[in-house]
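Novice: Sending over a structure as structure tokens; questions will come in a sec.
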Amino acid sequence: RGGGERGRASSTSDSVKGGGITTSHKGPFSEDELLTYKLKSCAMNSHTPLNPGEYYEIRVRASCAQGNGEFGTSLIGHTDMPGAGAPLSPRGSCGVTEVTPTSVTVHWQRSPDNGSEILRYHLKYRSANTGKGNSVEIPVGELLQTGSAYLSSSANLAYVLSGLQPAQTYEISFKAENIYGVSSDSSATRVTMAKAVNPSRIKSLNVKVKNGTCASLAFSEPIAGGMEIEEYQVETDDWFWYRESFAVRDAVVLRERVEAASSAPKKTATSVPSAVEVLLHDLIPAGKYKARVRARNAAGWGDWSEVLSFETPELGKCATKENIHAYQEFPDIKDRLGDCMIGCHPLRVASSSSCAESCIMRTLGLTEDCAKCYSESSYCIIRRCALQCINPKSQMCTNCNKVKCVPLLRECTGVPEWGLKIPY
């Protein structure tokens, strides 16, 4: 089935008898050679030869006594004209649509190929403000197709030209290339890029508390004036650590996620385009938080969203409203826990378990259930890391404790690992 720039459109249906097609070609085919060979083979083996200088869409299926098989994938190719040459001058200039601060969609009509298939187009653009220019080489297969079918000589082609500068005026032209050479440039089209616009303020901020250490902030992707959102920034009032109004957590935009992090504790955030969800990890259970979000594109930062308040539920035996105060009130909680556990060591005290629990409750004001988590942790170290912890402050003791005992302590207390305040 074909239709080209020269001659009338035709429609044929031919068969090739079994046994295949023989050829004297040696070695592997290149992509262009394979296309040419297939077209020539179809022409040689069909009842009706192909017309020169036309685009053809070709597909093949097999037949047997039981009937016909399914058609294979279509192949589009072009037959050369006798005396073919470089493409002729383009028809007119290109058009532009969808102008943003940094990109524009360029449209043009397929150039006359002068008897040989066009392989690629060269899109040239130059800033009228600075005089600097560049060009893009675009294989035909990478072009967007609009309007008429590609087999038609009136087919419209399109390409999204990006990486431009906001508010700059550009002159854009194109030319075509085939195996015989390159055409002359089309006449230039002028386009002025849109001005850069900061992202809009994030609205409709919602929170979903997933558990004691994790919550998500959901919102609609802000309007960015046609520019890509490059980064999200999250602020929360890190009341537990810093007692400040707000602390910033930078967010890095990935392909389908937004990752947000802070030095201590570490937090991350995830998102998807249009409906963004920022996931905050390692929150303190039984805590009250405030959060807000803003976005950045190449023009700069947008305004902060409204402030959203939320609470995290209690978790475990220590991350409760009755106990969480101790982690704030006693900066030396780690040393106090260590003193209780070492002072109540089995080699020193007969009932070391009750000794450690009483010491922790008295010194830090923790509940009995919470104090037991830490006293049991000390016995875990004695049972599983005795040799490694002859020196409790050694790296060997720390490594053993982290692998064999810390997971049990974290599960019992409900406090994230970075906030456990492990004595040694």
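Novice: With at pLDDT 85 or above, of a type in the set (A, V, I, L, M, F, W, C) and either over 30 Å from Ala218 (Cβ atoms) or touching a Gly at 6+ places or on another chain (Cβ under 6 Å) (or both) as the only criterion, which of Ile360, Ile381 stands out?
Specialist: Working: Ile381 fails: at pLDDT 85 or above.
Only one candidate passes the filter, namely Ile360.
Novice: Another question about this same structure. Taking the condition of being farther than 27 Å from Lys393 by Cβ and part of a loop (DSSP other than H, G, I, E, B), how many residues in region 285-316 meet it?
Specialist: Kept after step one, since they are farther than 27 Å from Lys393 by Cβ, are these residues of region 285-316: 285-315.
Applying the additional criterion that residues be part of a loop (DSSP other than H, G, I, E, B) yields 285-287, 298-299, 302-307, 312-314.
Residues in region 285-316 being farther than 27 Å from Lys393 by Cβ and part of a loop (DSSP other than H, G, I, E, B): 14 in total.
Novice: When the residues of region 78-92 are filtered to those that are crowded, with 17+ Cβ neighbours inside 10 Å and at pLDDT 85 or above, which remaining residue is nearest to Ile58 (Cα to Cα)?
Specialist: Looking only at region 78-92, we keep the residues that are crowded, with 17+ Cβ neighbours inside 10 Å, and these are 78-81, 84, 86-87, 90.
Pick out the ones that are also at pLDDT 85 or above and you get 84, 86-87, 90.
Details: Ala84: 22, Ala86: 25, Pro87: 24, Pro90: 27 Å.
Looking at residues that are crowded, with 17+ Cβ neighbours inside 10 Å and at pLDDT 85 or above, I get Ala84.
Novice: Determine whether Asn323 is farther than 30 Å from Val276 by Cβ and out of contact with any strand residue (DSSP E or B) (no Cβ under 7 Å at 6 or more places or on another chain).
Specialist: Details: farther than 30 Å from Val276 by Cβ: yes; out of contact with any strand residue (DSSP E or B) (no Cβ under 7 Å at 6 or more places or on another chain): yes.
Yes: the conditions hold for Asn323.
Novice: Let me ask something else about it. Can Val415 be described as in contact with a strand residue (DSSP E or B) (Cβ under 7 Å, 6 or more places away or on another chain), β-branched (Val, Ile, Thr) and buried (at least 19 other Cβ atoms within 10 Å of the Cβ)?
Specialist: Details: in contact with a strand residue (DSSP E or B) (Cβ under 7 Å, 6 or more places away or on another chain): yes; β-branched (Val, Ile, Thr): yes; buried (at least 19 other Cβ atoms within 10 Å of the Cβ): yes.
Here the answer is yes, as Val415 does meet what is asked.
Novice: Within the bounds of region 324-333, is there any residue that is in a helix (DSSP H, G or I) and charged (D, E, K, R)?
Specialist: Within region 324-333, one or more residues are in a helix (DSSP H, G or I) and charged (D, E, K, R).
Novice: Only one residue in Cys397, Cys389, Cys340 is outside any loop (DSSP other than H, G, I, E, B), surrounded by 18 or more Cβ atoms within 10 Å (Cβ to Cβ) and either under 46 Å from the mean Cα position of the chain (by Cα) or on the phi > 0 side of the Ramachandran plot (or both), so which one is that? Please lay out each step first, then the result.
Specialist: Numbers: Cys389 fails: outside any loop (DSSP other than H, G, I, E, B); Cys340 fails: either under 46 Å from the mean Cα position of the chain (by Cα) or on the phi > 0 side of the Ramachandran plot (or both).
Going through Cys397, Cys389, Cys340 in turn, the sole match is Cys397.
Novice: Continuing with the same structure: Exactly one of these conditions fails for Asn68: (1) modelled with pLDDT of 90 or more; (2) among the polar types (S, T, N, Q); (3) under 24 Å from Ala188 (Cα atoms). Give me its number.
Specialist: Going through (1) modelled with pLDDT of 90 or more; (2) among the polar types (S, T, N, Q); (3) under 24 Å from Ala188 (Cα atoms) one by one, Asn68 breaks only (3).
Novice: Still on this structure: Residues to consider are Glu376, Glu368, Glu357; find the one that is within 20 Å of Ala286 (Cα to Cα) and among the acidic types (Asp, Glu).
Specialist: Values: Glu376 fails: within 20 Å of Ala286 (Cα to Cα); Glu357 fails: within 20 Å of Ala286 (Cα to Cα).
So the residue among Glu376, Glu368, Glu357 that is within 20 Å of Ala286 (Cα to Cα) and among the acidic types (Asp, Glu) is Glu368.
Novice: Quick check: anything in region 150-172 open to solvent by 60 Å² or more (accessible area, probe 1.4 Å), closer than 30 Å to Lys288 by Cβ and at pLDDT 90 or above?
Specialist: Checking region 150-172: not a single residue is open to solvent by 60 Å² or more (accessible area, probe 1.4 Å), closer than 30 Å to Lys288 by Cβ and at pLDDT 90 or above.
Novice: Further question: Can you work out which of the residues in region 93-123 that are of a type in the set (D, E, K, R) and more than 22 Å from Ala167 (Cβ to Cβ) is surrounded by the fewest Cβ atoms within 10 Å (Cβ to Cβ)? If you could, list the steps in order and put the result at the bottom.
Specialist: Restricting attention to region 93-123, the residues satisfying the condition of being of a type in the set (D, E, K, R) are 98, 110, 113, 117, 120.
Okay, now just the ones that are also more than 22 Å from Ala167 (Cβ to Cβ), so 110, 113, 117, 120.
Working: Arg110: 24, Asp113: 27, Glu117: 21, Arg120: 16.
So the residue we want is Arg120.
Matching residues to (1) at pLDDT 85 or above; (2) small (Gly, Ala, Ser):
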site	(1), (2)
Leu283	no, no
Gly287	no, yes
Arg296	yes, no
Asp303	yes, no
Leu308	yes, no
Pro313	yes, no
Cys318	yes, no
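The values are calculated or read from the model by the stated rules, or taken from the named source; none is laboratory data. Quick caveat, the model's predicted, so the values are computed rather than measured. For neighbour counting, all protein chains shown are included, and Cβ atoms are generated from backbone atoms with ideal geometry for every residue, glycine included. Note: areas computed on protein heavy atoms with side chains; ligands, DNA, RNA excluded. Shrake-Rupley method; radii C 1.70, N 1.55, O 1.52, S 1.80 Å.
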